[in-house]
Amino acid sequence: MRVIDTVEELKSALANLAATRKVVFVPTMGALHQGHLSLVEKAVAVENAFVVLSIFVNPTQFGKNEDFAKYPRVLEADIELLANQPAQPDIIFAPRVDQVYPDGLPEQLVPRAGAVGSVFEGVTRPGHFDGMLHVVNWFFSVIKPAVAIFGEKDAQQLYLIRRMVKREFADAIEILAGSTKREADGLALSSRNVFLSEEARAVAPSIYRILLETQAAIESDQPIAQSLDESRLALSSLALAKLDYLALVDKSNFQPISAGFTGSAQLLVAVILDGVRLIDNITLSIQEPA
Ligand code: PAF
């Protein structure tokens, strides 16, 4: 496992590799947890994989009032954690900001997330998905991976990445999704969980429990609108919780499902729990009522 912090060194480490190995990319912002480690395992399991894991807290995907400054940066601990795993990346690429943005932070971020980037997470985090796509696009063009792996927990991000790969890279990069890893009580793993107070941590697993209850109701043919209303009420009634959104979208286009929809849908939630924003989602199979 080699740690690299410049583009030049990375390019020379990757030169000529594509002919013999499959470059598999795992992008992260560090503060690694079991969720990230499971993505590394998935990457290492790809046949003939040469795994590059990036650690970069990307300034352009944080809004002015967001937690960029206090986002956990624990590079030494991340390196040590990875060094003690059976599945390790071949390269940890942890560039400084001036490697990614040598001319300063750009005014125009490309590609744009468009309308899908302005809903759900995009409402409270305007510009977030433009910054995220910009930096992932940059990593893709430097690393030139054959495969890249993203967590399913960030459903909107995963949708936009797949769309970007289709539009900008002619589907030349295979995108794999890593399933959401959870604490034993159901809370989805997130680098932000460290910010939860003891009281908020005790409430947090209820978010996933409510998603499961909503899934059970919808999949047993309870009317969708009623199930979503009940779910919103249950989430809003949690102690310390402010519900941001709960939505059911068509997985194929990320649009809220309309009447008569059948197929694969995603139930998305964002809750601010004692000041900490938590997101989660679950996949539902919606059949025609019996
Ligand atoms: O999901 C993340 O950690 C980030 O959005 C990503 C994909 C590493 C881009 O900065």
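The values are calculated or read from the model by the stated rules, or taken from the named source; none is laboratory data. If you're wondering where the values come from, they're calculated on a predicted model, not measured in any experiment. Note that each Cβ is placed from the backbone with ideal geometry, even for glycine, and that neighbours are counted across all protein chains shown.
What tally of residues in region 1-10 results from selecting those that are touching a strand residue (DSSP E or B) at 6+ places or on another chain (Cβ under 8 Å) and surrounded by 13 or more Cβ atoms within 10 Å (Cβ to Cβ)? Let's see the steps before the verdict.
Narrowing region 1-10 to residues touching a strand residue (DSSP E or B) at 6+ places or on another chain (Cβ under 8 Å): 1-5, 10.
So of that shortlist, the ones also surrounded by 13 or more Cβ atoms within 10 Å (Cβ to Cβ) come out as 1, 3-5, 10.
The number of residues fulfilling the criteria is 5.
Got a number for residues in region 262-273 being in contact (Cβ under 8 Å) with a residue 24 or more places away in the chain and loosely packed, with under 15 Cβ neighbours inside 10 Å? So that I can check it myself, show each step before the final result.
Step one: of region 262-273, the residues in contact (Cβ under 8 Å) with a residue 24 or more places away in the chain are 262, 266-273.
Restricting the remaining residues to those that are loosely packed, with under 15 Cβ neighbours inside 10 Å gives 262.
Qualifying residue count, region 262-273: 1.
Results for (1) within 16 Å of the ligand (Cβ to nearest atom); (2) surrounded by 20 or more Cβ atoms within 10 Å (Cβ to Cβ); (3) of a type in the set (Lys, Arg); (4) at pLDDT 95 or above, shown as yes or no for each residue.
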residue: Asn137; (1), (2), (3), (4): yes, no, no, yes
residue: Pro145; (1), (2), (3), (4): yes, yes, no, yes
residue: Ile173; (1), (2), (3), (4): yes, yes, no, yes
residue: Ala177; (1), (2), (3), (4): yes, no, no, yes
residue: Lys181; (1), (2), (3), (4): yes, no, yes, yes
residue: Ser197; (1), (2), (3), (4): no, no, no, yes
residue: Ala216; (1), (2), (3), (4): no, no, no, yes
residue: Leu228; (1), (2), (3), (4): no, no, no, yes
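Yes or no: Ala69 closer than 15 Å to Leu105 by Cβ and either crowded, with 22+ Cβ neighbours inside 10 Å or more than 15 Å from the ligand (Cβ to nearest atom) (or both)?
yes
Considering only helices (runs of 4 or more DSSP H) fully contained in region 188-251, which possess at least 1 residues that are farther than 30 Å from Tyr71 by Cα?
Working: elements: 198-203, 205-219, 224-236.
Where helices (runs of 4 or more DSSP H) fall fully within region 188-251 and carry at least 1 residues being farther than 30 Å from Tyr71 by Cα, they are 205-219, 224-236.
For region 120-135, what are the residues that are buried (at least 21 other Cβ atoms within 10 Å of the Cβ) and away from the ligand (no atom under 13 Å from the Cβ)?
Within region 120-135, just Phe120 meets the criteria.
What are the pairs with Cβ atoms under 8 angstrom where one residue, in region 9-29, is over 12 Å from Ala49 (Cα atoms) and the other, located anywhere, is surrounded by 14 or more Cβ atoms within 10 Å (Cβ to Cβ) and among the charged types (D, E, K, R)? Sequence gap at least six, or different chains.
Listed by first residue and then by second, the contacts come to Leu14/Lys144.
Give region 11-64 a look and list any residue that's surrounded by fewer than 18 Cβ atoms within 10 Å (Cβ to Cβ) and touching a His at 6+ places or on another chain (Cβ under 6 Å), or say none.
none
Tally up the residues in region 50-66 that are out of contact with any strand residue (DSSP E or B) (no Cβ under 6 Å at 6 or more places or on another chain) and within 13 Å of the ligand (Cβ to nearest atom), please.
The initial filter retains those residues of region 50-66 that are out of contact with any strand residue (DSSP E or B) (no Cβ under 6 Å at 6 or more places or on another chain), namely 56-66.
This time we only want the ones that are within 13 Å of the ligand (Cβ to nearest atom), so: 56-62, 66.
Number satisfying all stated conditions: 8.
What are the pairs with Cβ atoms under 6 angstrom where one residue, in region 76-94, is surrounded by fewer than 20 Cβ atoms within 10 Å (Cβ to Cβ) and the other, located anywhere, is of a type in the set (D, E, K, R) and assigned to a helix (DSSP H, G or I)? Sequence gap at least six, or different chains.
From region 76-94, the pairs are Ala87/Glu41.
Would you confirm whether or not region 96-119 contains a residue that is surrounded by 15 or more Cβ atoms within 10 Å (Cβ to Cβ), within 14 Å of the ligand (Cβ to nearest atom) and closer than 20 Å to Ser191 by Cα?
No; the residues of region 96-119 include none that is surrounded by 15 or more Cβ atoms within 10 Å (Cβ to Cβ), within 14 Å of the ligand (Cβ to nearest atom) and closer than 20 Å to Ser191 by Cα.
Find all pairs meeting these conditions: Cβ atoms under 6 angstrom apart; at least six residues apart or on different chains; first residue within region 129-140 and under 18 Å from Glu66 (Cβ atoms) and basic (Lys, Arg); second residue outside any helix (DSSP H, G or I) and more than 8 Å from the ligand (Cβ to nearest atom).
As it stands, the answer is none, since no pair meets every condition given.
Would a scan of region 147-167 turn up a residue that is within 20 Å of Asn253 (Cα to Cα), charged (D, E, K, R) and free of Cβ contacts under 8 Å to residues at least 40 places away in the same chain?
yes
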